[in-house]
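Heads up: the structure comes next, in structure tokens.
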Amino acid sequence: MTATQPVTRTLVLGIDTGGTYTDGVLLDYHTREVIASCKSLTTRHDYAEGIGKVIEGIQIDNPAEVKMVSISTTLATNAIAEGKGARVALLLIGYDKELAEAFQLHQRFGTSQYAFFAGGHTLFGEEKEPLDLEGILDYVHRIKDSVDALAVSAYFSPMNPEHELRAFEAISRICDLPIVLGHQLSTKLGSVERATTAALNASLLGMLRDFVIAVRRAMEARHIHAPLMVVRGDGTLMSEEFAARTPVETIHSGPAASAMGGRFLSRVDTALVVDVGGTTTDIALIEDGRVQVSEEGATVGSYKTCVHAANILSIALGGDSHIHIGRDQKWTIGPARVVPLAYLASQYPTVKRRIAPLLQKGWGQIDLDQLEFWFLQREPHPGMFEKGSREAEVVALLREGPMCVTDIVRRLKLIHAGQIGAAELWRQEIIGRAGLTPTDFMHLNGVYRTWDVEMSEIAAALFCRNLGMDVKTFHNLLWQRIDEIITEVILSFLTGRQLAAPDPLHDVDIGRWFFRNSIQTAHPHLETTLRLKVPIIGIGAPAKIFLERVADIFHTELILPPYYWVANAVGAVAGSVMVSEEALVYARLSEDQSEVVGYYVQTSESRTYYESLEEALGFARERVRTLAWEGAVRAGAHSPQVALEESEDGLDTYRIRARAMGTPRLA
Amino acid sequence: MELERIDTQKAYNLIKEKIITLQLKPGAPVDEDALCAEVGLTPTAVREALKWLSHDHLVDITPRHGIRVAEANPAELRELFEMRLPLETLCARMAAERATADDIVVMDALVREYERVKGAGNVDILLDLDHRFHSALADAAHNRYMRETLERFFGLSERLWYLASPQTEWVLNALDRHAELVQAIKARDAERAAGLMHQHVLDFQALVEKALGLTT
């Protein structure tokens, strides 16, 4: 027998679906060594497609060594922001219809299909009025064929979920639609937020379930038989079953995962994490190893939810932000994302051949539409666009290869690019756009050499000639602008305040002066400086060049951990498995409501009554601790630790929260 | 999430539908490969689904004859009705004694929905409502063994509906009885509920036997 034992490794596969790219890393969990990585374009029309490509493309020698796969996904956040969720009917029990209408609350419900029914409980868990089950069932019968899911939220259901549960029982006997109950998602008392959260959750159920199944199939195809986890909005992990039931919890999971990845790789527990991606730059704070969570609940688009999610600030600035001339004839960067010209040229030689001759032309003869190329990203489904429609014409043109906007306008016999009308084609990712980006400028100064350097040089030269500036001067201005934007956003993130808009005619605002003087001292005698007391951890491929000077401005250290360019995907596996359970302990009043006669304990499974507060609290602590621990073990946590948090909600009401956390069990 | 279970469930639903609606004829041999192609699922999922269906007595798996759709011959019918008649009668009696207010609201809602859609005469919708009503009644009996046992019979009974090539008015006649049943249950009149259900099942049996030419 040989003496050498095979080295046992514990490999985990982390996947992050960002706005631009889907990244995958194969990581040795214990040494934190990245063994392989893979990048593919994010496919918004079907996220599973890009993930499938990453799972297919990443080098895995022995699939049996992979002990866990975990994904962070922007699926939920984007579906909500773009209003692409499934059709949901929201049933509001015991809500005040007049009040809701007076305050226009319906705009916040997350669905336009909703109805009010009698019922609900009081702050003391007593029935406010009898439940109108008849009305509920008739309503469901009427609408069941025009929706995909139902959400039910009853007034003060966290105190007493009886009406939600009775509605659930009855509805599930008359139809097969999935039903989401408010009290199962949040014990917070904000009735509108709970209704919104339930409605959004219902609208995402089918989507997340299909997504998880698609990832599972991709894993199967590569013979990976391991637990699948999904990252929550606070960076912790949940099992796939849990994710399929509570998709709203994945809100902000991408930025949260990045922050966790930065911490995991740098082994620094308190820092500002800045993730520079292709489309956005996201900022989050980690404190004592945990992502800072916004206590009041995450907001997505115009919807306020009660989801515990990372406190993040995201701006539309990244390596692939479009550098172009705005309406005011000044150059701007973003917010649109385009494919860098250097990349497009490396894929299609015709692009450079079209642009290079322009270098012969003089100032004023260059139309900058010539620097924006459109290209066919995927074929539309047959019949998607009518024959002879503008969309069909554009697609037919682009089958010849990428084409600059000037040529498209000419070929379609139009006058102006605004007439093309191809928004639907972009939205569905049938065509893509390429243009000048910071990534191109990174090719210029040698930070990147990945794609066509010459193309970047030509495009930059043309752009600058049009501005009447030499490339070097513009280059400096560009990075200065980027530094300013990121500095401003970090300040806003940390202070919750915004810089007043600049007033060029009457520039007396001291805030803005402080800001500018702190970036570059202009005053002869007065120096102001910013000093961030925690380091900045940079993540994402462009992080070094985007953040080096920003760290200087803040007089702090920039930490670029090993593999910082894929830390987002590392973050998908870096979190702990977490399950939380809450109990509410609240007073029971005497018949005449004059005195407290005992206490109820409402947990996720039952309501029990105690005569003394001590007993009630004791039972609540014991119960949530056990429930959380059991839940975490079921979800795949290794010897979870349980932490209890208690708070008083006023009116003799106590909230007890148990969080059971453990590293993933990797067997 | 176990893919196998998801696929099996899907295959089960699709094949069950085919058997109940007689796209797969009683007694016909089951071609597994053809079935895989038809439902677009893996052989493992289809095989597992067929096992589930054999539990429901909708498929027979025997070593000698391989896999066949269960027969629906006179002997089978007799056996089925011999059990359904006393069980459903008992179920109605228990429901009258034990139904909660919410149980009654559900049954009422199903009856109202029936009144609403009966004019359109869509047999599939009507059969679905019939199935849901009988399930709701079984729930109201508050005995899980009763619920489980009857649920298995419902699949078999539904197939009989299709075998008797349902004419809308038969279905309507049968469903008209439901309203009376709910009245009896509301009145807590166990005798009357049991009697109504007894007659309801006998009527159905007679209908099926006549349609299949079994009555003399």
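The values are calculated or read from the model by the stated rules, or taken from the named source; none is laboratory data. Nothing here was measured: the structure is a model prediction, and the numbers come from that model. Here Cβ is always computed from backbone atoms with ideal geometry, including for glycine, and neighbour counts include all displayed protein chains. Calculation scope for accessible area: heavy atoms of the full protein, side chains included, ligands and nucleic acids excluded. Shrake-Rupley method; radii C 1.70, N 1.55, O 1.52, S 1.80 Å.
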_Sort B:68, A:216, A:449 by heavy-atom solvent-accessible area, probe 1.4 angstrom, most to least._
A:449, B:68, A:216
*Averaged over peptide A:167-173, how many Cβ atoms belonging to another chain are found within 10 Å of each residue's Cβ?*
4
_Cα-based helix-to-principal-axis angle, A:162-174 vs chain A, degrees rounded to 10_ = 80
_Burial order of peptide ranges A:343-356, B:201-214 (average beta-carbon count within 10 Å, highest first)_ = A:343-356, B:201-214
*Quick one: which residues, 5 or more positions from residue A:309 or on another chain, have an amide H under 5 Å from its amide H? H modelled 1.01 Å from N in the peptide plane, none for Pro or chain starts.*
A:294, A:297, A:298
*State, to one decimal in nm, how far the label point of residue B:120 lies from the label point of residue A:96, with both points 7 Å from Cα in the Cβ direction.*
3.9
*Estimated distance in nm for a label pair at residue B:10 and residue A:454, the labels positioned 7 Å out from Cα along Cα-to-Cβ*: 5.0
*Per-residue ³J(HN,Hα) for region A:329-335, Karplus 6.51 cos²θ - 1.76 cosθ + 1.60, θ = phi - 60°, Hz, x for Gly and Pro*: 6, 9, 6, 9, 10, x, x
*To the nearest Å, what is the center-to-center distance of region A:11-40 and region B:182-216, using C-alpha atoms only?*
64
*What trypsin sites (Lys or Arg not before Pro) in region A:115-178 are in a loop by DSSP, with at most 14 other Cβ atoms within 10 Å of the Cβ?*
none
_Can you give me the solvent accessible area of residue A:332 with a 1.4 Å probe, rounded to the nearest 10 Å²?_
40
*For region A:546-667, restrict the atom set to alpha-carbon positions and state the Rg and Dmax in Å.*
21.8, 68
_Among the listed pairs A:330/A:472; A:39/A:352; A:67/B:10, which have their C-alpha atoms separated by more than 21 angstrom in this model?_
A:39/A:352; A:67/B:10
*asked:* For chain A, what does the helix formula give at 222 nm: sum of -39500 (n - 2.57) over DSSP H segments with n ≥ 4, over the residue count, nearest 500 deg cm²/dmol?
replied: -10500 deg cm²/dmol
*FRET efficiency, residue B:187 to residue B:162 (Cβ-Cβ, R0 35 Å, nearest 0.05)*: 0.55
*Within region A:242-337, report the trypsin sites (Lys or Arg not before Pro) that DSSP leaves as loop and that have at most 15 other Cβ atoms within 10 Å.*
A:267, A:327, A:330
*In whole percent, what relative contact order does chain A give with Cα contacts below 8 Å and a gap of six or more residues?*
13
*So what's the gap between the Cα centers of region A:578-643 and region B:42-96, to the nearest angstrom?*
45
*Which lysines, on any chain, are close to residue B:16 with Cα under 16 Å apart, when same-chain ones fewer than 8 places away are left out?*
B:25, B:51
_For region A:168-321: rounded, prolate or oblate by the Cα gyration tensor [a/c cutoff 1.5]_ = oblate
*Please determine, in degrees from 0 to 90 and to the nearest 10, the orientation of helix A:613-634 with respect to the longest principal axis defined by the Cα atoms of chain A, where the helix direction is its Cα long axis.*
50
*Between the DSSP loop rule and a limit of at most 12 other Cβ atoms within 10 Å, which GluC sites (Glu not before Pro) in region B:1-56 are left?*
B:2
*asked:* Just to confirm a number: summing +1 for Lys and Arg and -1 for Asp and Glu over residues other than residue A:168 whose beta-carbon lies under 12 angstrom from that of residue A:168, what do you get?
replied: -2
*Residues whose placed amide H lies under 5 Å from that of residue A:277, excluding near-sequence neighbours*: A:282, A:319
_Additional length obtainable on full extension of the chain from residue A:389 to residue A:336, 0.36 nm per residue less Cα span_ = 16.5 nm
*Which residues in region A:152-189 have a backbone N closer than 13 Å to a point placed 7 Å from the Cα of residue A:129 along the Cα-to-Cβ line?*
A:155
*Could you tell me how many degrees, from 0 to 90 and to the nearest 10, lie between the Cα long axis of helix B:123-140 and the main elongation axis, the longest principal axis, of the Cα atoms of chain B?*
70
*Rounded to whole Hz and in sequence order, give me ³J(HN,Hα) for region A:432-442 from the Karplus expression 6.51 cos²θ - 1.76 cosθ + 1.60, θ = phi - 60°, writing x for Gly and Pro.*
x, 10, 10, x, 7, 9, x, 4, 5, 5, 5
_Based on alpha-carbon centroids, what's the gap between region A:114-192 and region A:249-321 in Å, whole number please?_
33
*For the protein assembly as shown, just the Cα set please: Rg and Dmax, both in angstrom.*
32.4, 115
_Full-stretch length increase - residue B:23, residue B:90 - with 0.36 nm per residue and alpha-carbon distance subtracted_ = 20.8 nm
*Test item: A:134-141 mean partner chain Cβ contacts at 10 Å*: 4
*Ordered by residue, what ³J(HN,Hα) values in Hz, to whole numbers, does region A:245-258 give under the Karplus form 6.51 cos²θ - 1.76 cosθ + 1.60, where θ = phi - 60° and Gly and Pro are x?*
8, 10, x, 4, 5, 8, 4, 6, 5, x, x, 5, 5, 4
*For q = 0.10, 0.13, 0.20 Å⁻¹, what log10 I(q)/I(0) does region B:74-211 give under the Debye formula with an equal point scatterer on each alpha carbon and no solvent?*
-0.29, -0.50, -1.24
